[in-house]
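The values are calculated or read from the model by the stated rules, or taken from the named source; none is laboratory data. Just so we're clear, the structure is a prediction, and the values are computed from it rather than from any experiment. Counting neighbours? That spans all protein chains shown, and the Cβs are built from the backbone with ideal geometry, glycine included. Protein only, heavy atoms only, side chains kept; ligands, DNA and RNA dropped before computing areas. Shrake-Rupley method; radii C 1.70, N 1.55, O 1.52, S 1.80 Å.
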Amino acid sequence: MNPNVILTAAEMRAAEERVIAAGTPVETLMARAGAAAAETVARFAGPMPTLVLCGPGNNGGDGYVIARDLRGRGWDVRVAALGEPTGVAARWTRGGWDGPVETLEGTKPAGLLIDALFGTGLTRPLAGGAAEMLSRLAQSAQVRIAIDLPSGAATDDGRLLSLVSDYELTVAFGALKPSHLLQPSARHIGRIVVADIGVPAESRLHRLAGPDLRRPGPDDHKYSRGYVAVIAGEMPGAAALTAGAAARSGAGYVRLVAPSPIAGLPHSIVQGSSDIETVLADERVGAVVLGPGLGRSDAGRALVRKVLASDRPLVLDADALVLLAEQDPASLIRAGRPLVLTPHAGEFERMFGGGQGSKVEAARNAAARTGAVLIYKGADTVIAGPDGRAAIAAAAPAWLASAGTGDVLAGIVAARVAAGMPAFEAACAAVWLHGEAGRAAGPALIADDLIDHLGPAVARCS
């Protein structure tokens, strides 16, 4: 089992149906799920008075198995339900619980709350005051654990369909679901454990994992390690952050093309005079970054036209994206040229508009439309390639919501592209390194702090 695979509700149902069609009864899957969840709960919480909330569907069926298993371990367990199970498998597991079943309205809180009301596949708000009753019980509990997903969270897009409490642990069955990582649902999930229930899961959507970066070898030189050119604009400090990040995240040669030298940069970053046309024509250049601090003037528009007309691999960020929004993003497509776009939500909407479904769907559509790899930034950053592959990054430190951190990310992406990584893999590696540097930099970080922590982050992947 790959714990980083992400399946939508429909994909999870299809995966389960294939296993059932091959001869595994649904009751067996439910028994596996409940037993795996109970083991996880026991390890996480330890014995304490427990209330298991069971819904009418299969998630509730899992809850009855959990309750039976925990009571068999000697735990003090009570069960409360919204009503009798509606499915054959859930009725079967209900029959395995020989204790009383309280009503949700009349039950009292316990130290440990296990929410098995509704899991994968919820499409509408909880009815009949269930959300308020669940919230009351959750507020009174010391530990809250969700089974598959917190009740009230949609599965595929991170939406909250009802009031959702904060959970310390969520046990996912078979695979992650998009709402485990997409906001606003993700902020309520707590720690995630993926339980193996014997359902093979394959997907083109994954949770971002640490990259495997190649160490320089004895035959490498500064150009084979990657030549990054950063083009400055009206606010050269932003481009300086990008150049510093590229240098510290593995590039062998970094050139900053600016109207005048910028003080304070490492001496290894080349700032000698060089016109943009000469840089763009240099076949040794493995990646060009444009956008950080560019400005939105006619001069900036002219720079965008120049880099788009070249055949150099490109990383476009910030103001370059705003200026690109003035034209059809499909004009970016140039066969064979790696291209990475790094918009935040406002820039993405300028370029591609809204109303495109989940953040993953929106990023995939934009990648297919432009032929670019998209890093759709935010608390739930999504990386999408034009071939349909996508990854969701686990929440990075909130302190990264600070001026200049996106400029640093652009430099990391450029270093990985210039080193020869395919654009999608380079984007994934960069987002992971950026998050690791943020965690190491700690609270109240500023963008400059990230650069000092990139080297150790790279070392952990090499």
*When only C-alpha pairs under 8 Å and at least 6 residues apart count, what is the relative contact order of segment 353-431, in percent?*
22
*Positive-end residue, the chain charge dipole about Cα centroid, Cβ charges, pick of Leu374, Ser462, Gly95*: Ser462
*Within the accessible area of segment 217-373, what % is carbon and sulfur when the probe is 1.4 Å and the other protein chains stay in place?*
51
*What order, most packed first, do the peptides 160-166, 445-451 have when packing is the mean number of other Cβ atoms within 10 Å of each residue?*
445-451, 160-166
*Please sort by residue number the GluC sites (Glu not before Pro) in segment 151-260 whose DSSP state is loop and whose Cβ has at most 12 other Cβ atoms within 10 Å.*
Glu202
*From the residues Ser260, Ala320, Gly210, which one has its Cα farthest along the dipole of the chain in the positive direction, the dipole being from +1 and -1 charges on Cβ of Lys/Arg and Asp/Glu about the Cα centre?*
Gly210
_³J(HN,Hα) computed for each position of segment 93-105 - Karplus, 6.51 cos²θ - 1.76 cosθ + 1.60, integer Hz, glycine/proline x_ = 6, 4, x, x, 9, 9, x, x, 10, 7, 7, 4, 5
*asked:* Skipping prolines and chain starts, which residues have an amide H placed within reach, meaning under 5 Å, of the one on Arg207, given they are 5 or more residues away or on another chain?
replied: Val5, Ile6, Ile392
*All other residues with a Cβ under 11 Å from the Cβ of Asp69 taken together, and with Lys, Arg as +1 and Asp, Glu as -1, what is their net charge?*
+1
*Would you mind getting the accessible area per residue of the chain, heavy atoms of the protein chains only, 1.4 Å probe, in Å²?*
40
*Mind pulling the angle between the C-alpha long axis of helix 58-72 and the longest principal axis of the chain? Nearest 10 degrees, somewhere in 0 to 90.*
70
_Bin width 10 Å, origin at 0, all Cα-Cα pairs of segment 161-277: what percent of pairs per bin?_
11, 26, 16, 19, 21, 7, 0
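Hey, got a sec? Which GluC sites (Glu not before Pro) in segment 297-371 land in a DSSP loop and have at most 11 other Cβ atoms within 10 Å? Mind dumping the intermediate values first?
Values: sites: Glu326, Glu347, Glu349, Glu361; in loops: Glu326.
Sites meeting the loop and neighbour criteria: Glu326.
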*Net length gained if the chain between Ala299 and Arg284 were fully extended (0.36 nm per residue, minus Cα distance)*: 2.8 nm
_Label zone at Asp219 (point 7 Å along Cα-to-Cβ), backbone N below 13 Å, segment 249-265_ = none
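What dipole magnitude, in Debye to the nearest 20, does the chain give about its Cα centre under +1 on Lys/Arg Cβ and -1 on Asp/Glu Cβ? Please report the intermediate quantities before stating the final value.
Working: 43 positive and 46 negative charges, 67 e Å.
The dipole magnitude comes to about 320 debye.
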_Report the Cα-based extents of segment 1-127 along its three principal axes, largest first, to the nearest Å._
39, 32, 26
*Which whole-angstrom value gives the distance between the alpha carbon centres of segment 234-297 and segment 393-462?*
18
*For segment 125-222, what proportion of DSSP beta bridges, expressed in % and rounded to the nearest 5, is antiparallel?*
10
*Between Rg and the Kirkwood Rh of the chain, both from Cα atoms, what is the Rg to Rh ratio?*
1.07
_If you filter segment 89-162 for GluC sites (Glu not before Pro), then keep DSSP loop positions with at most 16 other Cβ within 10 Å, what is left?_
Glu105
*asked:* With +1 on the Cβ of every Lys and Arg and -1 on the Cβ of every Asp and Glu, and nothing else charged, how large is the dipole of segment 142-256 about its Cα centre, in debye rounded to the nearest 20?
replied: 380
*Go ahead and run the numbers for FRET between Ala209 and Asp98, Cβ-Cβ distance against an R0 of 51 Å, rounding to 0.05.*
0.75
*Taking only C-alpha pairs under 8 Å that are 6+ residues apart, what is the relative contact order of segment 45-169 in percent?*
26
*asked:* Could you tell me the extents of segment 34-75's C-alpha atoms along the three principal axes, largest first, rounded to whole Å?
replied: 27, 18, 16
_Under 5 Å, built H, 5+ apart or other chain: amide partners of Leu169_ = Arg144, Ala146, Arg191
_Simple Cβ-charge dipole of segment 82-165, Lys/Arg +1 and Asp/Glu -1, about Cα centre, in debye nearest 20_ = 80
*Could you work out the relative contact order of the chain, using alpha carbon pairs under 8 angstrom and six or more residues apart, expressed as a whole percent?*
13
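Sort the following peptides by mean Cβ neighbour count (other Cβ atoms within 10 Å, averaged over residues), highest first: 240-248, 276-284.
On the way: 240-248: 29.8, 276-284: 13.9.
Ranked from most to least packed, the peptides come out as 240-248, 276-284.
In the neighborhood of Gly264, defined by Cβ-to-Cβ distances under 14 Å, what is the net charge if each Lys or Arg adds +1 and each Asp or Glu adds -1?
Numbers: positive: none; negative: Asp448, Asp452.
For residues surrounding Gly264, the net value is -2.
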*asked:* With a 1.4 Å probe and all protein chains left in place, how much of the accessible area of segment 378-462 comes from carbon and sulfur atoms, in whole percent?
replied: 60
_Ellipticity estimate at 222 nm from DSSP helix runs (n ≥ 4, -39,500 (n - 2.57)) divided over the chain, nearest 500_ = -11000 deg cm²/dmol
*List the residues whose amide H sits under 5 Å from the amide H of Leu104, counting only those 5 or more places along or on another chain, with H placed 1.01 Å from N in the peptide plane.*
Ala81
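Can you tell me the order of 316-322, 69-75 when each peptide is scored by its average per-residue count of other Cβ atoms within 10 angstrom, highest first?
Going from most to least packed, we get 316-322, 69-75.
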